[in-house]
Structure formats: structure tokens, C-alpha cells
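Heads up: the structure comes next, in C-alpha cells.
Every read-out reported here was derived from the displayed coordinates using simple, explicitly stated rules and does not represent laboratory data. Keep in mind the model is a prediction, meaning the values are calculated, not measured. Because the Cβ atoms are built from the backbone with ideal geometry, glycine has one as well, and the counts that use them run over all protein chains shown.
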Amino acid sequence: MASKCPVCDWEIKDKGKNVKIGDRTVCVCCDECADKVKAEPKKYAAKA
């Protein structure tokens, strides 16, 4: 089963993009979602 992006809920294809938030890593589907995670890390840290 494929993973879903925590930002837009799209399927993560290939390896996705990893964004480091403190000691956690969030995997998202694209650079745009990675930028959103970087802009609001607290919002997405719980989803890591």
C-alpha cells in the first residue's frame, strides 16, 4: 500500500521528499508540500 502525503493527502510516488523537523522526518509527495512543512513545522510534526 502506498503512503499518503500528510499535507495534501495525495499518494507518495517513488521515494517522495523527506523533510526533517527536529528529530523527526516527514515524507511528502513534492517540493511544494515540503515547503509547506518547513513553513509550519508544528502543524506537521505530529504526523511524522
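Quick notes
One line per residue, one yes/no per condition, for (1) part of a strand (DSSP E or B); (2) aromatic (Phe, Trp, Tyr); (3) under 9 Å from the mean Cα position of the chain (by Cα):
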| position | (1), (2), (3) |
| --- | --- |
| VAL7 | no, no, yes |
| ASP14 | no, no, no |
| ASN18 | yes, no, yes |
| THR25 | yes, no, yes |
| CYS33 | no, no, yes |
| VAL37 | no, no, yes |
| LYS42 | no, no, no |
| LYS47 | no, no, yes |
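- Pair list, Cβ under 8 Å, 6 or more apart: the stretch 30-48 residue over 10 Å from LYS17 (Cβ atoms), other residue among the basic types (Lys, Arg) and assigned to a helix (DSSP H, G or I): TYR44/LYS36
- First in the stretch 10-21 and polar (S, T, N, Q), second anywhere and surrounded by 11 or more Cβ atoms within 10 Å (Cβ to Cβ), Cβ under 7 Å, 6 or more apart: ASN18/CYS27
- Looking across the stretch 1-34 at every residue that is out of contact with any strand residue (DSSP E or B) (no Cβ under 7 Å at 6 or more places or on another chain) and under 14 Å from ALA45 (Cβ atoms), the one that is surrounded by the most Cβ atoms within 10 Å (Cβ to Cβ) is identified as ILE21.
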